[in-house]
Amino acid sequence: MITSRERVTRTLEFDRPDRVPRDLWTLPWAHTYYPADIERIRQEFPMDITSAPGYLKEEPHTQGDPYEIGTSVDEWGCERVSIHPGIIGEIKKPLIQDWQHDPEKVRPPRELLTITPEKVNQFCAGTDQFVMGGCCANPFERMQYLRGSQNLYYDIAEQPEGFFLLRDTVHNFFMDLLETWCRTDVDAINLMDDWGAQEKLLISPRMWRTLFKPLYQEYCDLIHSYGKYVFMHSDGHIAAIYPDLIEIGVNAINSQLFIMDIEALGAAYAGKITFWGEMDRQHLLAHATVEEIHQAIRHVHEHCYHNGGIIAQCEFGPGAKPELVRAVYDAWYTI
């Protein structure tokens, strides 16, 4: 019997794993309302992927809990306001309002670089699961938090000098963070930015390729230079940049398959990138029947499986029904 680490690796290499690996994401909302269901799902369907703690020597400067009602401040100094328990709040007061004076307020959280490699390596050695690094590079998302989404879209169009200075500040910090984690024994490193709207990319693919693709290329090159796999998450309709993600070396992509053309994605990219989920959160996990969940899983398997290349990822978040989350893993188990 192969280990979870071997199973995920064979999946990424299209090397006929014994079954599709499992990966369950649970948001605080689910732990608040369905803790027993989460535990039952994990016991019945053991997960193959885990994430390593950083064991930080210095804690970042934060205030409050972003998943509790009220105001909180994250590790970069960005203030969030939350109005629902268990759901992360929104940035209401971006740090950078004025390019002339406010950039000096940006303070990359260097505390996140103070991981304890020995303890991380002990964690990796102590599990047969596939281990993700406890970090995430999300330059576009972080720039929105610092500048405000509306302001940043204006910046992308007008391209003032401050935009590039901010981009480079954020990017350089993430390069340091990724390399810190790459020096440990984790199996993969995660990137994340939500680039899609419901029907297309949030900005033109041409602009994305000019302004942001080079950043991800550097991340991928760095991660691969240490022999790690690259996993990336991006919500929305991102079909336009799938070939770019493959080109720069992303090994597994977590995207909203069900708002894109699953048949077209599979025909073009099965065997070239691993589809790291995901299950439809907008409709199926909230409103489907168990049989509809099974039909959806069979559809993904039919079009996207290629001697591997699929990870059974599912997010248990607001609106999802526990019996339907369980049905996702039952469907993958019975294929």
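Computed from the coordinates by the stated procedures, all read-outs in this text should not be read as laboratory data. Note that this is a predicted model, so its numbers are computed, not measured. Backbone-built Cβ (ideal geometry, glycine too); neighbour counts: all protein chains shown.
Placing a label point 7 Å from the Cα of residue 68 along the Cα-to-Cβ direction, the residues of segment 76-102 whose backbone N falls under 15 Å from that point are 80-89. Placing R0 at 22 angstrom, the Cβ-Cβ distance between residue 75 and residue 286 gives a FRET efficiency of 0.10 after rounding to 0.05.
Of 228/272; 92/321; 200/228; 57/228; 213/272, which pairs sit farther than 26 Å apart, going by alpha carbon to alpha carbon?
Numbers: 228/272 17 Å; 92/321 31 Å; 200/228 30 Å; 57/228 24 Å; 213/272 19 Å.
Pairs exceeding the cut-off: 92/321; 200/228.
Classify the chain as rounded, prolate or oblate, taking a ≥ b ≥ c as the square roots of the eigenvalues of its Cα gyration tensor: rounded when a/c is under 1.5, otherwise prolate if a/b is larger than b/c and oblate if not. Note, shape of the chain comes out rounded. Computed from point charges on the beta carbon alone (+1 for Lys and Arg, -1 for Asp and Glu), the dipole magnitude for segment 121-181 about its Cα centre is near 120 Debye. Between the beta carbons of residue 51 and residue 197, assuming R0 = 25 Å, the FRET efficiency works out to 0.30 to the nearest 0.05.
Assign one of three labels to segment 103-205, namely rounded, prolate or oblate, based on the Cα gyration tensor with a ≥ b ≥ c the square roots of its eigenvalues; rounded applies when a/c is under 1.5, prolate when it is not and a/b is larger than b/c, and oblate otherwise.
oblate
Simple spin-label estimate for residue 247 and residue 335 gives 2.9 nm between the two label positions (7 Å along the Cα-to-Cβ direction from each Cα). I'd like the distance separating the alpha-carbon centroids of segment 94-142 and segment 198-212, in whole Å. Their Cα centres are 25 Å away from one another.
Calculate, for residue 153 and residue 125, the FRET efficiency according to 1/(1 + (r/R0)^6) with r their C-beta to C-beta distance and R0 56 Å; round to the nearest 0.05. Intermediate values should be presented prior to the final figure.
Values: r = 45 Å, r/R0 = 0.81.
That pair, residue 153 with residue 125, gives E of 0.80.
Shape call for segment 141-256 from the C-alpha gyration tensor, a ≥ b ≥ c root eigenvalues: rounded (a/c under 1.5), prolate (a/b greater than b/c) or oblate?
Numbers: a/c = 2.04, a/b = 1.31, b/c = 1.55.
Note, shape of segment 141-256 comes out oblate.
Dipole magnitude for the chain: computed about the Cα centre from +1 point charges on Lys and Arg Cβ and -1 point charges on Asp and Glu Cβ, it is near 220 debye.
Membrane-span-like helices in the chain, defined purely by DSSP H runs whose alpha carbon atoms cover 24 Å or more axially and whose average Kyte-Doolittle hydropathy reaches -1.0, are 161-182. Here's the list of aspartates and glutamates a cross-link from residue 105 could span, going by alpha-carbon distance under 19 Å and ignoring same-chain residues fewer than 8 apart: 74, 75, 79, 141, 155, 161, 168. Would any residue of segment 148-190 have its amide N under 20 Å from a label point 7 Å out along Cα→Cβ of residue 114? List them or say none. The answer is 173-184, whose backbone nitrogens lie closer than 20 Å to the label point. Look at the dipole of the chain built from charges on Cβ: of 178, 312, 163, the Cα furthest out on the positive end belongs to 312. Here the simple spin-label model places points 7 Å from the Cα toward Cβ, and for residue 323 and residue 61 these points are separated by 5.1 nm.
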